[in-house]
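Notes follow once the structure below has been shown.
The values are calculated or read from the model by the stated rules, or taken from the named source; none is laboratory data. On a predicted model such as this, the values are computed, not experimentally measured, just so you know. Quick reminder, even Gly has a Cβ in these numbers, built from the backbone with ideal geometry, and neighbours come from all protein chains shown. Only protein heavy atoms, including side chains, enter the accessible area calculation; ligands, DNA and RNA are left aside. Shrake-Rupley method; radii C 1.70, N 1.55, O 1.52, S 1.80 Å.
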Amino acid sequence: MGVTSKLNAFKLKGMIDDTPAPDTVADIICLTAGELAQIAVAYDVSGKKRSKFSDVIWHFSSYYKVNNTTSTSLDFSSIAPTFRHTVKCYVWLRMRDRRAISLVTLQNYIKISSSLQNLISEIGGKNFDFLNTDDNYTKLIDLCNKKGFAQATLMQLFNSINRFNSHDLVSRKILNIRKLSTKLGRSAKQTIAIPERLAASIYKDALTTVRFYHTYRHSIRDAQYEADRKLVVDLTNSFSKEADKLKQRYGLPKCFNITRGYQDQNRIATACYLVIGGFSGMRYSEIASADRLAYHERAIDNENSISFIRSFSTKTNKSIPKKTDWVTVPETKLAIELWYEIFEPARKKHRLELKSTVLHEDEIEHALQRIASLCVQGLGQVVKEGKQKSYITQGSNLAGRITKELERKSKFDSTLLATADDVKEFDRLNPTCKGQLKIGNVIDFSTHMVRRTFAVFIIRNRLGSIIDLKHQFKHLNVYMTQWYTNQVSAAVFTDLLLDKQFIEEVRETNIHFQSTLLADLYNYGYHSGKAGKRIITERDLYVKGDSALYMTYEDVRWRVEMGMLSIVEHPTGYCTNPTCSRICASDQSAVTCEFEIVTKDKAVGRVPAYNNKVKRFTEVNESDIYMPNILYKMKMDILAMQKIFEHHAIEYKPFNGEINEKNNPIYTARA
């Protein structure tokens, strides 16, 4: 029986040829190399065969829509020939599965298989069947143990073996993958959150840069246009001379230079990215999928509006790009306009190159989409993805430029360097990266830092809770609250509502902050408030010696995660009631509430409020206005504050708490 007669045809509706398409491993194994070459993996838009099973790269530009940082092909070139057939079979069978699977998922399978292949090769294996014997499998486990991989990495590697096993590609199957990965691997490092003071300095500098160059954006564009047109083929020193003339003609600032490699445009792009990412929490892939029309506003009333960035996200839509809006600040408009305009000359060159390229017609549309992106590369920097070019700046390259730019600017702006307080905060925010930031150094940047830094800032400064973030940061200003209350265009925010990864980052940040603060309160300092005094008493009974801890961070964190402990900061102190449905936040509650902790810093901070309250009490008491209830409350607040001050040995001005006869209810009743 011929191959074609016993196998199903794999083709899109309307395709022109009935190509054999094996559905099982047994079907594939029985095929010769010539027969494998007949199997069509993908077709182009006209219905012609685009990629064959035997090809090293499978092209799917007519099948999948992807964001600007994702390739439209599956590249097997990183897999050695003796391993490649197994990986191809698995990917092919997953494609034939009725369950939908994204191109990104398939690309990740290839990447993980490549890593597994490298490990097997290191212990002498030539293919994946090498793991079928117990002895060789033990060698792999020993090697993984020595490598010190993260637990998540090991789970991916071991799962890839089981995926091959589930399709009869290998006989090895690994049991209890999670337990094995936990035993062998290290805990994964969390993405870094930048200390708040340092982040503020970085973002302030970026905003200053964007505002300064925004007024020159058209001049930079036009000068570079002319330079590229006249001088791109001139390899002599005259380029710099002519560039200087253009710089003067177009009135460019002294700090900007026209170059073939767009060096200064790249420098400005780092500031644009920091502004956009820093004030939206967007991923780099989402920013890279935005274009010049990304910024828009929606009116709340005749005077006020909300700023948005519109781009594409794949995280909540099975890796298919979906148009999405992110709430942001008005300054991002300047960053988008500046970033786009200064790279327009590069886009023009890229489009001209595209017209003369041998790129398949199916891929031209995706290439044009990338060229229109904010994150397009300058000339001479195009990176290849196999045989397909990428016109997008890689996130790692952008992050490296940001680090170098911070190093350059820190030579004349010391606020960009980490202080001792920054390092201390860094270690508390990022315990898995403790010691990575040094005093006097700049932060070693990565593009995902802006996302976690944004989440930390929202939680830390009480701009919103997890629920608020699920509703697209509605507490950034009061108009956003109104927007959500009215439920206008709620679908716009669906992506963030379903963004489980981001919600988990915020939840982790919230737990970490509560645990760190509670651990400090339990182990250090002298507190007032009923809960504070109880902690001091229990600590004194428990602690034996200067080095002992009453309660470790791990102990506290477990109690927070179990709902046994919580902490909320308010002006007068800290509330530790995990079931409280309200926050008293009054000076009297600092004395009367069973769950209140008042640190000395909090007590000292109440001195100005005490003086102001005494002054106001005196003014009202001496006035002709009858307000006995208000005066009595003010008096109780003042007396409560005095008790706190006395507990912490804080000096305060004396207070005459006598309420005059007119305002005293007792005297009024007698009259």
**Request:** Using the structure shown, decide if A188 is outside any helix (DSSP H, G or I) and of a type in the set (G, A, S).
**Result:** yes
**Message:** Could you check segment 51-68 and list, in sequence order, the residues that are open to solvent by 50 Å² or more (accessible area, probe 1.4 Å), touching a Ser or Thr at 6+ places or on another chain (Cβ under 7 Å) and within 29 Å of K323 (Cα to Cα)?
**Reply:** Y64
**Top-ranked residue of segment 124-135 - restricted to ones that are crowded, with 17+ Cβ neighbours inside 10 Å and assigned to a helix (DSSP H, G or I), ranked as nearest to the chain's Cα centre (by Cα)** = F128
**Complete:** Residue count, segment 89-109, condition among the aliphatic types (A, V, I, L, M) and open to solvent by less than 10 Å² (accessible area, probe 1.4 Å), comes to 3
**Complete:** If we ask which residues in segment 401-430 are over 23 Å from I511 (Cβ atoms), touching a helix residue (DSSP H, G or I) at 6+ places or on another chain (Cβ under 6 Å), open to solvent by 30 Å² or more (accessible area, probe 1.4 Å) and part of a helix (DSSP H, G or I), their number turns out to be 2
**Message:** Which numbered condition in (1) of a type outside the set (V, I, T); (2) open to solvent by less than 20 Å² (accessible area, probe 1.4 Å); (3) touching a residue at least 40 places away in the same chain (Cβ under 8 Å) is the only one that K189 fails?
**Reply:** (2)
**Prompt:** Among the strands (runs of 3 or more DSSP E) contained in segment 249-343, which hold 2 or more residues that are touching a residue at least 60 places away in the same chain (Cβ under 8 Å) and open to solvent by less than 40 Å² (accessible area, probe 1.4 Å)?
**Reply:** 305-313, 322-328
**Asked** Hey, S201 hits all of (1) among the small types (G, A, S); (2) in a helix (DSSP H, G or I); (3) exposed (fewer than 13 other Cβ atoms within 10 Å of the Cβ) but one; which does it fall short on?
**Response** (3)
**Request:** With the condition kept exactly as written, say whether any residue in segment 112-123 is under 30 Å from P321 (Cα atoms), assigned to a helix (DSSP H, G or I), open to solvent by 80 Å² or more (accessible area, probe 1.4 Å) and of a type in the set (S, T, N, Q).
**Result:** no
**Asked** Quick check: anything in segment 378-390 at pLDDT 85 or above, open to solvent by 10 Å² or more (accessible area, probe 1.4 Å) and not in a helix (DSSP H, G or I)?
**Response** no
**Asked** When you look at E504, is it at pLDDT 80 or above, within 29 Å of the chain's Cα centre (by Cα) and open to solvent by 70 Å² or more (accessible area, probe 1.4 Å), yes or no?
**Response** no
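Rundown of residues vs (1) aliphatic (A, V, I, L, M); (2) in contact (Cβ under 8 Å) with a residue 60 or more places away in the chain, yes/no style:
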position	(1), (2)
T70	no, yes
A80	yes, no
W92	no, yes
D97	no, no
I101	yes, no
V104	yes, yes
K111	no, no
S115	no, no
**Request:** Please work out if E658 is exposed (fewer than 12 other Cβ atoms within 10 Å of the Cβ) and modelled with pLDDT of 75 or more.
**Result:** yes
**Message:** touching a Gly at 6+ places or on another chain (Cβ under 9 Å) and of a type outside the set (A, V, I, L, M, F, W, C): which single residue out of Y225, Y213, Y203 fits that description?
**Reply:** Y203
